[in-house]
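The values are calculated or read from the model by the stated rules, or taken from the named source; none is laboratory data. Values in this document were obtained by computation on a predicted structure and should not be read as measured data. Don't worry about glycine lacking a Cβ; one is built from the backbone with ideal geometry, like all the others, and counts go over all protein chains shown. For the accessible areas, the whole protein counts, side chains as well, though only heavy atoms, and no ligand, DNA or RNA atoms are used. Shrake-Rupley method; radii C 1.70, N 1.55, O 1.52, S 1.80 Å.
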Amino acid sequence: MGLAELKTELSQLDLVDQGPLLQQLSHDQFGFSPSLVPRLQPCCADLVVRATSTEEVVQVAGACARHGVPLTPRGAGTGNYGQAVPLEGGVVLDTSAMQQVRQFDPLSGVLTAEPGCRLLELDRYLQPQGWALRLAPSTWRTASLGGFIAGGSSGVGSVRWGLLRDPGNLLGLEVVTIEPEPRVLQLDAAVARGLNHAYGSNGIFTAITVPAAPWQDWQEVALVAESAAAALALGEQLTTAALEIDGLCFLERRLLERMPALGSSAWPRGDALLLLAAPAALPLIESMASAAGAELCWQRPQWPPRGLLLRELCWNHTTLQLRANAPEFTYQLVLLPDPVGPFMEAIAERWPGWVHWHLERVRQGGRLRWVGLLPFVWRGEAALAELNGALKAAGGLVFNAHAISVEDGGLGVVDADQVAAKRAYDPAGLCNPGKLRGWRSGAVEA
Ligand SMILES: Cc1cc2nc3c(=O)[nH]c(=O)nc-3n(C[C@H](O)[C@H](O)[C@H](O)COP(=O)(O)OP(=O)(O)OC[C@H]3O[C@@H](n4cnc5c(N)ncnc54)[C@H](O)[C@@H]3O)c2cc1C
């Protein structure tokens, strides 16, 4: 690879080619997985370029294509699976400084923004106009829009709007191709689908169009029940009722007691539901909770965001909070069958006490389901394989949180749209190499 020539060609841009910052910008949050650490820790870019405009992205993409240098896009670097780690070195293209809102239509709520926009900052922009992002990971304060679309999957809002890849959650992309003379393309929702959650392996986003949702003064609510079964049944009742709920998380008591308190009082003992609910839903939530023997122990408006937020005890922040004092924990991501009772019993019977229960309510394929981010103490690769087998045998769909490729972290199968997009926009296979399993020298693997 012609790295020296490439550096000379890009010398007027903001470059990092040595020191701890080079290492830091080559890594993300893969430390959650003891399986990924030995594989990803040694990986390092030869050069990081911090781009500030589409024109600079075009320069970098063209130079990489001409000199045959791999290119890995990067946002805020909060991904959990090494999505932004350059497996083959080369250039890491950091787009986190591209932070312009290009367009917003306050009538339709359609937003076009550059990839480096932080999600919370976008909500700060939208809120005074009566709008909000539909979906956000629990890394709402830090994650970038580009990184979320390329590397995220779901989050707060998924109980209403489904998963990120569901049609309708991404309306368009501006993409720079990795070719000697890069093209800047405007892709509509149908074509953009092939780049959604493809780990930035088939094109560089320079603008993203998403639909916003009407702003709502979401209230943080915590309910504590006397048993896991009572809490889960209440969670299902609340989300199937005609109540506006933007997030609902179940934490079994062993996890709740390890979570930091939201206010000045410690958590009561019990199994919890953590919700984001519309103010109009609160009276009914309280009466349904009371009928189920659950106690309301926290309520506060989410906006403006101050201090520790309830959403920062949910999604993968549950694992983060747990690992702060117990780093021996890791987790696995699984879509649970419905009903969840027999599944949970089968796993608990096989390994009493090993797997902890943290579930999030999501809409999947139009139906309400529980997705688990299940914490457990790491016992090695063989135990992980056995656990994955048992989760599948009990009817779960495992999205392996200990895998490097798009496919292995997803449904396990090659998505022909993602491979076709790579062939069209990255014909030499330079973009984030090693992440799209379906791409082997341009051939589609079954
Ligand atoms: C504590 C914690 C909680 C989390 N909770 C959630 C959650 O609730 N839901 C969820 O989905 N994820 C979650 N994540 C994972 C991650 O935070 C999110 O997916 C986040 O949106 C990633 O954004 P980022 O800017 O950090 O992207 P990065 O990690 O920098 O990149 C992610 C992917 O996007 C690609 N990319 C970045 N910018 C571009 C670009 N301009 N063009 C093309 N590709 C690009 C990168 O190559 C990489 O493959 C969590 C992570 C942590 C550590």
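With all protein chains present, calculate the accessible area of Met288 using a 1.4 Å probe and round the result to the nearest 10 Å².
Taking all protein chains as shown, Met288 has close to 40 Å².
Near Leu6, within a Cβ-to-Cβ distance under 13 Å, what is the net charge of the other residues, with Lys and Arg +1 and Asp and Glu -1?
Working: positive: Lys7, Arg66; negative: Glu5, Glu9, Asp17, Asp46.
My count for the surroundings of Leu6 gives -2.
Keeping all protein chains in position, work out how much accessible area Ile404 exposes to a 1.4 Å probe, and write it in Å² to the nearest 10.
Number for this one is 30 Å².
Report the longest stretch of the chain that contains none of the trypsin sites (Lys or Arg not before Pro) sitting in a DSSP loop with at most 14 other Cβ atoms within 10 Å.
Within the chain, the longest run free of exposed trypsin sites (Lys or Arg not before Pro) spans 1-182.
Whole number please: convex hull volume per residue of the Cα set in region 362-417, in Å³?
Given the Cα convex hull of region 362-417, per-residue volume reads 106 Å³.
5 Å is the cut-off here: which amide hydrogens, built 1.01 Å from N in the peptide plane, fall below it relative to Gly410, excluding neighbours closer than 5 in sequence?
For Gly410, the qualifying residues are Asn400.
Which whole-percent values make up P(r) of region 394-437 when all C-alpha to C-alpha distances are grouped in 5 Å steps starting at zero?
5, 22, 25, 21, 14, 7, 3, 2, 0
If you average 1/r over every pair of different alpha-carbon atoms in the chain and take one over that average, what Kirkwood value in Å do you get?
Answer for the chain: a Kirkwood hydrodynamic radius of 22.5 Å.
What ³J(HN,Hα) values, in whole Hz, does the Karplus curve 6.51 cos²θ - 1.76 cosθ + 1.60 give for region 22-37 when θ = phi - 60°, with x put for Gly and Pro?
4, 5, 4, 7, 9, 10, 10, 8, 5, x, 5, 10, x, 6, 7, 3
Run the lone-cysteine check on the chain: no other Cys C-beta under 4.7 Å from the residue's C-beta.
Cys43, Cys44, Cys64, Cys117, Cys297, Cys431
List the relative contact order of region 178-313 as a percent without decimals, with contacts defined as Cα pairs under 8 Å and 6+ residues apart.
On the way: 170 pairs, mean separation 45.0, N = 136.
Dividing the mean separation by the residue count of region 178-313 yields 33 percent.
Kindly work out what percent of the DSSP beta bridges joining two residues of the chain are antiparallel, to the nearest 5.
Antiparallel: roughly 90 percent of the beta bridges in the chain.
Which whole-Hz ³J(HN,Hα) couplings does region 261-276 yield from phi under the Karplus relation 6.51 cos²θ - 1.76 cosθ + 1.60, θ = phi - 60°, glycine and proline marked x?
6, 8, x, 8, 9, 5, 5, x, 6, x, 9, 10, 10, 10, 10, 10
Mind putting a number on the dipole of the chain about its Cα centre? Charges go on the C-beta only, +1 for Lys and Arg and -1 for Asp and Glu, and I need it in Debye to the nearest 20.
Value, rounded to 20: 340 debye.
Subtract the Cα-Cα distance of Ala266 and Gln129 from 0.36 nm times their separation in residues, and report this length gain in nm to one decimal. Working shown, then result.
Details: separation 137, 0.36 × 137 = 49.32 nm, distance 3.68 nm.
Extra length from Ala266 to Gln129 when fully extended: 45.6 nm.
From the backbone phi of region 192-209, what are the Karplus-calculated ³J(HN,Hα) couplings (6.51 cos²θ - 1.76 cosθ + 1.60, θ = phi - 60°) in whole Hz, Gly and Pro given as x?
Once θ is set to phi - 60°, the couplings for region 192-209 become 4, 3, x, 10, 6, 6, 10, 6, x, 9, 9, x, 9, 7, 10, 7, 9, 10 Hz.
Considering amide H positions built from the backbone, and no H for Pro or chain starts, which residues 5 or more places from Thr206, or on another chain, come under 5 Å of its amide H?
Glu174, Val175, Val176
Using a Förster radius of 35 Å, what is the FRET efficiency between Val184 and Asp217 based on their Cβ-Cβ separation? Nearest 0.05, please.
Working: r = 39 Å, r/R0 = 1.12.
For R0 = 35 Å, the calculated efficiency reads 0.35.
If eta is 1.002 mPa s and T is 20 °C, what Stokes-Einstein diffusion coefficient results for region 331-446, Kirkwood Rh from Cα pairs, in µm²/s? Intermediate values should be presented prior to the final figure.
Values: Rh = 15.8 Å.
Answer, rounded: 135 µm²/s.
Tell me, what is the FRET efficiency for Cys44 and Ser108 to the nearest 0.05, using R0 = 51 angstrom and their Cβ-Cβ distance as r?
Efficiency, from the Cβ-Cβ distance: 0.70.
Multiply the residue separation of Arg379 and Arg350 by 0.36 nm, subtract the distance between their alpha-carbon atoms, and state the gained length in nm to one decimal.
Fully extending the segment from Arg379 to Arg350 adds 8.9 nm.
Multiply the residue gap between Ser53 and Ala97 by 0.36 nm, knock off their C-alpha separation, and tell me the result in nm, one decimal place.
So the extension gain works out to 15.0 nm.
Only bridges with both residues in region 1-93 count here: give the DSSP antiparallel percent, nearest 5.
That works out to approximately 35 percent antiparallel.
Tally Lys and Arg at +1 and Asp and Glu at -1 over the other residues with C-beta under 13 Å from the C-beta of Gly270: what net charge comes out?
Within the 13 Å Cβ shell, the charges total -2.
So how far apart, in nm, are the two label points at Glu295 and Ala416 if each is 7 Å from Cα heading toward Cβ?
Here the modelled spin labels are 5.7 nm apart.
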